[in-house]
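Below is one structure, written out as structure tokens, with a few remarks after it.
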Amino acid sequence: MDGAWYKEWEQGRRYIIKIKPGEKLKERLIVFAQQAGVKNAVVISAVGSVRDAFFRGIKAGAKRPITEPRMRQHHLTGPLELLGLEGNLISDDSGEIDCHLHVILGKSSGEVAGGHLFDAEVFASCEILLTEMVVQGVERHISKSAGTPTIFISEE
Amino acid sequence: MDGAWYKEWEQGRRYIIKIKPGEKLKERLIVFAQQAGVKNAVVISAVGSVRDAFFRGIKAGAKRPITEPRMRQHHLTGPLELLGLEGNLISDDSGEIDCHLHVILGKSSGEVAGGHLFDAEVFASCEILLTEMVVQGVERHISKSAGTPTIFISEE
Amino acid sequence: MDGAWYKEWEQGRRYIIKIKPGEKLKERLIVFAQQAGVKNAVVISAVGSVRDAFFRGIKAGAKRPITEPRMRQHHLTGPLELLGLEGNLISDDSGEIDCHLHVILGKSSGEVAGGHLFDAEVFASCEILLTEMVVQGVERHISKSAGTPTIFISEE
């Protein structure tokens, strides 16, 4: 059973979130979701600046599944402009919120860096706009073939 | 007649789409739109990873219209983190879906590449969130002055 | 009084905006907001191309607040693919629209540049999708500790 490959969802509540200097971006997003009782959400927009950004890329030529030795970890002290934050919060099968975020960062030089975000500390400000997704039968858990947590959409 | 420069639209259905490893990202988005009967849509968010990404940039110093010799084509084998996918699906005057997508890709080095997406193959996973746009009088067709397919908004 | 750190908002009108070649991207977004009577909005998506992009990064190792000497200004003549435009329009305490935008740009080489956008001229086309935010008690004004205009969310 492969499940469906797309599914309709309803829009729930919408939030503007301000993460303060010195706070961790991803950690605070999860705290927000717990406090607001949001199970599933998608980031619409994020602007601000961060420092001590930890993220990873996939090694060139890597095969699936994505395992630790096939990733390359990065740490930029910055500060950096937060140019983009793409991703979603989807609960896993135990109801825990799994936050899958990719980050795009602007350096002093005008060059851009980015990857799969572990976490980063907000530098001067961080404004996130987010929409709750109301949907049944969508979960994220580890995919054996991909090696990474992946959404699964159950058939109706 | 230049038409209007902005127009209100209504939000239609919202979808979560999972494109599987080995499938082509843009090709599948068009299949999705055909299967779901979506004429116009905007990508809200996309995260995942891809390989064999084909995209283009515009040559520095190029003039309008954007013609073939004024573009530069790129092919990255990757795999790469999919950091961003911006764009929309707008039907042309024959009702065919025209998919205008720009891609932002994270390399192993943490550097970022990107441009106008031709297509890319999903590597480990790809999660796309999309909103249907319900709107009349918006079409995309070739602009003689721009050289590229461009939206046209008709006056009320 | 620190105020709240997140707040719910209601979705207002949605717009598709076409900015024409030769026009300034940020300038036109503000004209749009004035003409349509939009006080607060978030950019969902933007694709197109620009030239003469002026933006800034934060100098590596800079401390807060972000002051002029702690920023580094950039000017790219291009043309460049517009790969991303993240940000929002939030009114300040006098009702003036403050447009906070970060830009992600694709070079001819396939490399990507970006930062906090001052402004850029549209090259061949520019398609922006935007949602009005209906919310009370959210304003943007200069934060003394951050050095930059920042949103403030008042307690209920």
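Taking (1) surrounded by fewer than 15 Cβ atoms within 10 Å (Cβ to Cβ); (2) touching a His at 6+ places or on another chain (Cβ under 8 Å) in turn, residue A:81 satisfies each apart from (1). The residue list B:141, B:75 contains one member that is part of a strand (DSSP E or B) and more than 14 Å from chain A (Cβ to nearest Cβ), which is B:141. Within segment B:88-111, the residues that satisfy the criterion of being more than 13 Å from chain A (Cβ to nearest Cβ) and touching a residue at least 40 places away in the same chain (Cβ under 8 Å) are B:88, B:89, B:90, B:91, B:92, B:93, B:95, B:97, B:98, B:99, B:100, B:101.
Just one of the listed residues (B:68, B:81) is at pLDDT 95 or above and not basic (Lys, Arg), and it is B:81. Touching a Ser or Thr at 6+ places or on another chain (Cβ under 6 Å), touching a residue at least 60 places away in the same chain (Cβ under 8 Å) and either surrounded by 19 or more Cβ atoms within 10 Å (Cβ to Cβ) or not in a strand (DSSP E or B) (or both): is that true of residue B:56 in this structure? No; evaluated as a whole, the condition is false for this residue. Scanning segment A:78-104 for residues that are in contact with a Lys or Arg (Cβ under 7 Å, 6 or more places away or on another chain), under 20 Å from residue C:112 (Cα atoms) and not small (Gly, Ala, Ser) yields a count of 3. If you go through segment C:37-53 and pick out every residue that is surrounded by fewer than 20 Cβ atoms within 10 Å (Cβ to Cβ) and either within 24 Å of residue B:143 (Cβ to Cβ) or touching a helix residue (DSSP H, G or I) at 6+ places or on another chain (Cβ under 8 Å) (or both), you end up with 2. A residue that is polar (S, T, N, Q) and assigned to a loop (DSSP other than H, G, I, E, B) occurs nowhere in segment C:9-31. Looking at residue C:83, is it assigned to a strand (DSSP E or B) and in contact (Cβ under 8 Å) with a residue 40 or more places away in the chain? The answer is no for residue C:83.
Please verify whether segment B:36-55 includes one or more residues that are over 28 Å from residue A:43 (Cβ atoms), β-branched (Val, Ile, Thr), modelled with pLDDT of 95 or more and under 17 Å from the mean Cα position of the chain (by Cα). No - not one qualifying residue is present in segment B:36-55. Being within 18 Å of the chain's Cα centre (by Cα) and over 15 Å from residue B:131 (Cα atoms) is true of residue B:25. Filter segment A:103-142 for residues that are more than 17 Å from the chain's Cα centre (by Cα) and of a type in the set (Ser, Thr, Tyr); which is farthest from residue C:5 (Cα to Cα)? Filtering first and then ranking leaves A:109.
Just the residues that are of a type in the set (A, V, I, L, M) and over 20 Å from residue A:44 (Cβ atoms), please, taken from segment A:77-125.
Within segment A:77-125, A:80, A:112, A:113, A:124 meet the criteria.
Tallying residues that are within 14 Å of the chain's Cα centre (by Cα) and either farther than 29 Å from residue A:60 by Cβ or at pLDDT 95 or above (or both) within segment B:93-102 yields 4. Among the residues of segment A:1-28, those that are touching a Gly at 6+ places or on another chain (Cβ under 9 Å) and not basic (Lys, Arg) comprise A:3, A:4, A:19, A:25. Against the numbered list (1) buried (at least 18 other Cβ atoms within 10 Å of the Cβ); (2) over 15 Å from the mean Cα position of the chain (by Cα), residue B:89 comes up short only at (2). Regarding segment A:22-30, can at least one residue be identified that is crowded, with 17+ Cβ neighbours inside 10 Å and at the interface with another protein chain (Cβ under 7 Å from one of its Cβ atoms)? No; the residues of segment A:22-30 include none that is crowded, with 17+ Cβ neighbours inside 10 Å and at the interface with another protein chain (Cβ under 7 Å from one of its Cβ atoms). The number of residues in segment B:140-156 that are free of Cβ contacts under 8 Å to residues at least 60 places away in the same chain, surrounded by 20 or more Cβ atoms within 10 Å (Cβ to Cβ) and touching an Asp or Glu at 6+ places or on another chain (Cβ under 6 Å) comes to 1. Can you name the residue in segment A:1-19 that is touching a helix residue (DSSP H, G or I) at 6+ places or on another chain (Cβ under 8 Å) and within 10 Å of chain C (Cβ to nearest Cβ) and is also surrounded by the most Cβ atoms within 10 Å (Cβ to Cβ) among such residues? It comes out as A:19. In segment C:112-134, what residues are within 11 Å of chain A (Cβ to nearest Cβ) and surrounded by fewer than 18 Cβ atoms within 10 Å (Cβ to Cβ)? Hit for segment C:112-134 is C:134, nothing else.
Candidates A:94, A:108, A:125: the one that is within 15 Å of residue A:28 (Cα to Cα) and among the polar types (S, T, N, Q) is A:125. None of C:89, C:80, C:130, C:101 is in contact with a Cys (Cβ under 8 Å, 6 or more places away or on another chain) and under 26 Å from residue B:88 (Cα atoms) except C:89.
In the set A:65, A:79, A:69, which member is under 16 Å from residue A:104 (Cβ atoms), over 15 Å from the mean Cα position of the chain (by Cα) and not aliphatic (A, V, I, L, M)? The unique qualifying residue is A:79.
The values are calculated or read from the model by the stated rules, or taken from the named source; none is laboratory data. Given the structure is predicted, the values throughout are model-derived calculations rather than measurements. Note that we place each Cβ from the backbone using ideal geometry, even for glycine, and neighbour counts take in every protein chain shown.
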